[in-house]
1. Inside segment 91-137, can you point out the residues that are closer than 23 Å to Gly230 by Cα and either small (Gly, Ala, Ser) or in a loop (DSSP other than H, G, I, E, B) (or both)?
2. Over 19 Å from Gly87 (Cα atoms), within 17 Å of the chain's Cα centre (by Cα) and not in a strand (DSSP E or B): which single residue out of Arg166, Arg247 fits that description?
3. For Ile189, work out the one condition from (1) under 21 Å from the mean Cα position of the chain (by Cα); (2) surrounded by fewer than 15 Cβ atoms within 10 Å (Cβ to Cβ) it doesn't fulfil.
4. Could you say whether any residue in segment 154-162 is in a helix (DSSP H, G or I), touching a strand residue (DSSP E or B) at 6+ places or on another chain (Cβ under 7 Å), without any contact (Cβ under 8 Å) to a residue 40 or more places away in the chain and not basic (Lys, Arg)?
5. Which number in (1) modelled with pLDDT under 95; (2) farther than 17 Å from Val95 by Cα marks the one condition that Asp249 misses?
6. Given the structure, is Ser172 more than 24 Å from Ala86 (Cβ to Cβ), crowded, with 22+ Cβ neighbours inside 10 Å and at pLDDT 95 or above?
7. Scan segment 32-42 and give yes if some residue there is out of contact with any strand residue (DSSP E or B) (no Cβ under 9 Å at 6 or more places or on another chain), loosely packed, with under 15 Cβ neighbours inside 10 Å and touching a residue at least 24 places away in the same chain (Cβ under 8 Å), otherwise no.
8. Give the residue that is farthest from Val211 (Cα to Cα), with candidates limited to residues of segment 86-105 that are crowded, with 16+ Cβ neighbours inside 10 Å and either touching a residue at least 60 places away in the same chain (Cβ under 8 Å) or over 21 Å from the mean Cα position of the chain (by Cα) (or both).
Amino acid sequence: MLRQRIITAAWLAPLMLAGLFGLSGGAFAGFTAAIVLLGGWEWTNLAGIAGRARRLGVVGLLALTMALLWGSGGARAVWPLWLGLAGWGLNLYWVTHYPDHTRQWASSARRLAMGLWVLLPAWVGLNVLREIGGIWLLFVMLLVWSADIGAYFAGRAFGRLKLAPRVSPGKSWEGVMGGMAATLVLALIFAFAQALTPVDAVLLVLTTLAVTLVSVLGDLLESMLKRHRGIKDSSALLPGHGGVLDRIDSLTAALPLFALLAPGVV
């Protein structure tokens, strides 16, 4: 398993970096759309859609929606980000009340709607951040990775208080604190490297901590949906790593909020 993870990472990481930071405009939108559409394919499984034709039809509708957004300028607008945040408010309610209110979202149609407000705003967030400067796109990706790493090691070393035992028994509040500590260090390093003013540095730190917390919700939401479906991974598209959603679940929650708070957006 470790060997397979290393092999997959060896070709996947350079491809992702080249696409995310080597492309711009329509090429960047197309590259990130392909990633989101793969996530959409996996989401049809999380939604309980059976049959390849039906799943492809849903992904086709998602692709059409993205094309219409791009053509109308909505893929670089702020309003889809606000809609995404509203959707994540519902996600927070359902995750914190799982399994008590499962019937509110358990139908396939509602889970598909959930996927729409998770995936589309994330794609818009990628385009907005690429538009204002690749440095902010790099920062939010480093933020999510740092949060995951910090949470993993802090949780293993100190984890006692369970974060959401009915959704993801392995996660702890100590892990969350470890993730926030890691991203705090990242924000301070970034503020120093970019020579930010004290006010801007404080704003960056506050934004970073808020986005870190939201990124945890992205992880928990996918865990909740996989638990409901009785599956371990969203798919086997990435050998040794599970599926695309397993790699970007935290990022889907972090992107809309960070894109709204990044300088030059609003």
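1. Hits for segment 91-137 are His97, Tyr98, Pro99, Asp100, His101, Trp105, Ala106, Ser107, Ser108, Ala109, Ala113, Gly115.
2. Only one candidate passes the filter, namely Arg247.
3. All conditions are met except number (1).
4. yes
5. In the conditions (1) modelled with pLDDT under 95; (2) farther than 17 Å from Val95 by Cα, Asp249 misses (2) alone.
6. Yes, satisfied.
7. no
8. So the first thing to find is which residues in segment 86-105 are crowded, with 16+ Cβ neighbours inside 10 Å, and the list is 87-88, 91, 94-95, 98, 105.
Adding the requirement that they be either touching a residue at least 60 places away in the same chain (Cβ under 8 Å) or over 21 Å from the mean Cα position of the chain (by Cα) (or both) leaves 88, 91, 94-95, 98.
Working: Trp88: 12, Asn91: 15, Trp94: 19, Val95: 17, Tyr98: 22 Å.
Checked segment 86-105; the qualifying residue farthest from Val211 (Cα to Cα) is Tyr98.
The values are calculated or read from the model by the stated rules, or taken from the named source; none is laboratory data. Only a predicted model underlies this, so the values are computations on that prediction, with no experimental measurement involved. Virtual Cβ from ideal backbone geometry, glycine too; neighbours counted across all protein chains shown.
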